[in-house]
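J.: Input: one structure, supplied below.
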Amino acid sequence: MKRLLDLLTPLGLLALLAPTAASRFGKTLPGNPSWWLYAGLFLVVLHVVLRFEDITKAIGRRQMKYGANSFVLVLVVIGILGTANYLAFRNSKKWDLTKGERYSLAPETKKLLSGLSDDIKITYFQKASNVGEGDDRLKEYAAASSRIKTEFIDPIANPARARDYDITAVPTLVIERGARREKIQNDSEQDITNALVKVTRNGQKTVCFVTGEGERDIDDSAEGGFSGARTALGKSQYETKKFVLLQDGKIPEGCAVVVVPGPQKDLLPPSIDALRGFVKGGGKLLVLIEPELKGAFPNLQALLKEWNLETAKDVVLDVSLQSQLSGTGPLTPLAAKYPYHEITRDFRYATAFHTARSVKAGSAATAGLHSQSLVETSDQSWGETDLALKEPVQFDDGKDTKGPVSLGAVTTLEVASAEPQPSPDPTAPPAKKPEGRVVAYGDSDWATNAFLSFPGNQDLFVNTVAWLAQDVDLISIRAKEPDDQRLFLTKEQQQNVFVLSLLFIPGAFVILGILSWWRRR
């Protein structure tokens, strides 16, 4: 009888392995594979129960007791881990420890989500085998706002739903707010957030670029053109157009922001009057003014002076180590200091300018004007007043302006006769009084195609336009690119690393080994 009982465990193991073995030979056993699993486990457990006394005698009661205690402790540990895993699954929490929090939503995206007043449905069409990071990102959106409802659909498994949304490629995301629908074919944070802005915003704003005095062209795709800036604004849901200010004599209707992108010649008085009247009426203006290497801009400088923005007759040079490591020369100053402002709030990237002049907030106290500097270079830079740049170019105390040097400044101008429009909602906060806004930078190269890809340049440009257009939600919601984390070492530092890693550390182990051998000897 005992011999027959001892066959139960081998039969149980055979039952456990049979489905796998059969599948390896292309065979299928009758019944559900799980039945074979349960049958095998049952036979093994039955054998242990029927031969329990014999097993106890063979092992010994003392060892059996300790074994049972260990088994119970193992079960307790498994139970604790299972409970902790269940609680973690039901209450997920993660920490993004990467540099720049690359795998977390941007603060501005979270702010946009927290301000949603309507339900937004995001339908994600993707093959089940390729969901990956996109699905995780949508879970972050849903966790950040109860207004976000997400749904994943495999178009192969559910072709009817795919036809309803006219899906022809994957991945495709459909963002819906009521009857408004936006379809995108990229699951990056930049595209999802901008699509959310598009379905929640009523209408698009227009950014108008001045032409006629040699300004940068938004249709120019060469290195000195502004086609990249136009594309960046388009991704943030802005329309762009250009106009000849001297010919029109006024700012066209519908311009939310007017940009003067680096004129090569000074603006004539009629153009200056048009810009002045535009800002006084509550308009928003961005001026990119070049240094006086080819000509002066007395009219434009005087206009900026009226708004307490001072431009110096200089060229900013930068000889800092950071500038040298980035591969740029002294004529391309880098900036990484940003006095607090909505444009540069939480701004963590360096920006590069080229042949720039200093622009700063003036010291005059004028009623209704509020000015401040925006971007500053390092301490190893200065404002060179010798525009001929004769060699050797060096800082001259008493003539040049010692760094840090301001390359940009901003002014808000109270509109004297305007009154805020009353809100139809009596519980709504009071509307702000209209104001003119002006931002000026002492360079236009930094926003050209040649420099726009520098880590912080595109963000600074779009941030500036978004602040001028009073679209704070659009500030800094661009895709996070991997930081360049290469380590730059001088020749001396490279030699030190070589000696330490290949000579000193291995040599120390060799010496310790010899000493240990000598003592044992």
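Each value in this text was obtained by applying a stated rule to the coordinates, not by laboratory testing. Keep in mind that this is a model prediction, so the values were computed, not measured. Cβ sites come from the backbone with ideal geometry, for glycine too, and all protein chains shown count toward neighbours.
J.: With a point put 7 Å past each Cα toward its Cβ, work out how far PHE498 is from LEU268 in nm, to one decimal.
T.: Calculated label separation equals 6.6 nm.
J.: What is the local net charge at ILE120, summed over the other residues whose Cβ is closer than 9 Å to its Cβ (Lys, Arg +1; Asp, Glu -1)?
T.: For residues surrounding ILE120, the net value is +1.
J.: Give the residue list of trypsin sites (Lys or Arg not before Pro) in region 282-314 that are DSSP loop and have at most 12 other beta-carbon atoms within 10 angstrom.
T.: Of the trypsin sites (Lys or Arg not before Pro), the ones in loops of region 282-314 whose Cβ has at most 12 other Cβ atoms within 10 Å are LYS294.
J.: For region 216-233, take each phi angle, set θ = phi - 60°, evaluate the Karplus expression 6.51 cos²θ - 1.76 cosθ + 1.60, and give the result in whole Hz per residue in order, putting x for glycine and proline.
T.: With the stated coefficients, region 216-233 comes to 5, 9, 6, 9, 8, 9, 6, 4, x, x, 10, 5, x, 5, 4, 5, 4, 5 Hz.
J.: With a/c under 1.5 counting as rounded, go ahead and sort region 287-367 into rounded, prolate or oblate using the C-alpha gyration tensor (a ≥ b ≥ c being the square roots of the eigenvalues; past the cut-off, prolate if a/b is larger than b/c, else oblate).
T.: Taking the square roots of the gyration eigenvalues as a ≥ b ≥ c, region 287-367 is oblate.
J.: Same structure again: Please list 125-135, 166-176 highest first by mean number of surrounding beta-carbon atoms within 10 Å per residue.
T.: Result, highest mean Cβ count within 10 Å first: 166-176, 125-135.
J.: May I pose another question? Stretch LEU321-TRP517 to full length: gain in nm at 0.36 nm per residue minus the Cα-Cα span?
T.: Fully extending the segment from LEU321 to TRP517 adds 65.7 nm.
J.: Now a separate question. Round to a whole angstrom and tell me the spacing of the C-alpha centers of region 179-203 and region 108-152.
T.: 11
J.: Quick one: which residues, 5+ away or cross-chain, put their amide H under 5 Å from the amide H of ILE120? H built at 1.01 Å from N.
T.: ILE148, LYS149
J.: What net charge do the residues around ARG357 carry, taking every other residue with its C-beta under 11 Å from that of ARG357, with Lys and Arg at +1 and Asp and Glu at -1?
T.: So the surrounding residues net to -4.
J.: May I ask for the Kirkwood hydrodynamic radius of region 107-192, worked out over all distinct Cα pairs and given in angstroms to one decimal?
T.: Every distinct Cα pair counted, the radius reaches 13.2 Å.
J.: A follow-up question, please. Dividing the alpha-carbon radius of gyration of the chain by 2.2 N^0.38 Å (N being the number of residues), what value is obtained?
T.: This ratio for the chain stands at 1.46.
J.: Work out, step by step, the length gained on full extension between ASN202 and ASP219: first 0.36 nm times the residue separation, then minus their alpha carbon distance; give nm to one decimal.
T.: Additional length available on full extension: 3.4 nm.
J.: Still on this structure: Is there a quick way to get the dipole size of the chain? I mean about its Cα centre, with the Cβ of Lys and Arg at +1 and of Asp and Glu at -1; what is the value in debye to the nearest 20?
T.: Dipole of the chain, to the nearest 20 debye: 3460 debye.
J.: Pop the C-beta distance of LEU389 and ASN85 into the FRET formula with R0 = 56 Å and round what comes out to the nearest 0.05.
T.: FRET efficiency, LEU389 to ASN85: 0.25.
J.: Arranged from highest to lowest average of other beta-carbon atoms within 10 Å per residue, in what order do the peptides 244-257, 495-508 appear?
T.: Per-residue mean Cβ counts within 10 Å order the peptides as 244-257, 495-508.
J.: Okay, next question. Do any of LYS250/LYS313; LYS280/LYS313; LYS265/LYS305; LYS250/LYS280; LYS139/LYS235; LYS284/LYS360 go past 21 Å between their Cα atoms, and which?
T.: Violating the 21 Å limit, Cα to Cα: LYS250/LYS313; LYS280/LYS313; LYS139/LYS235.
J.: Still on this structure, I have one more. Gain in length, ALA143 to LYS399, computed as 0.36 nm per residue apart minus the alpha-carbon separation, to one decimal in nm?
T.: 86.4 nm
J.: What are the residues whose amide H is under 5 Å from the amide H of ARG180, where those residues sit 5 or more places off or on another chain and H is modelled from the backbone?
T.: Those qualifying (amide H under 5 Å, at least 5 residues apart or on another chain) number zero.
J.: Give a residue-ordered list of calculated ³J(HN,Hα) values for region 40-47 (Karplus: 6.51 cos²θ - 1.76 cosθ + 1.60, θ = phi - 60°; whole Hz; x for Gly, Pro).
T.: Running phi through 6.51 cos²θ - 1.76 cosθ + 1.60 with θ = phi - 60° gives x, 4, 5, 5, 5, 5, 4, 5 Hz.
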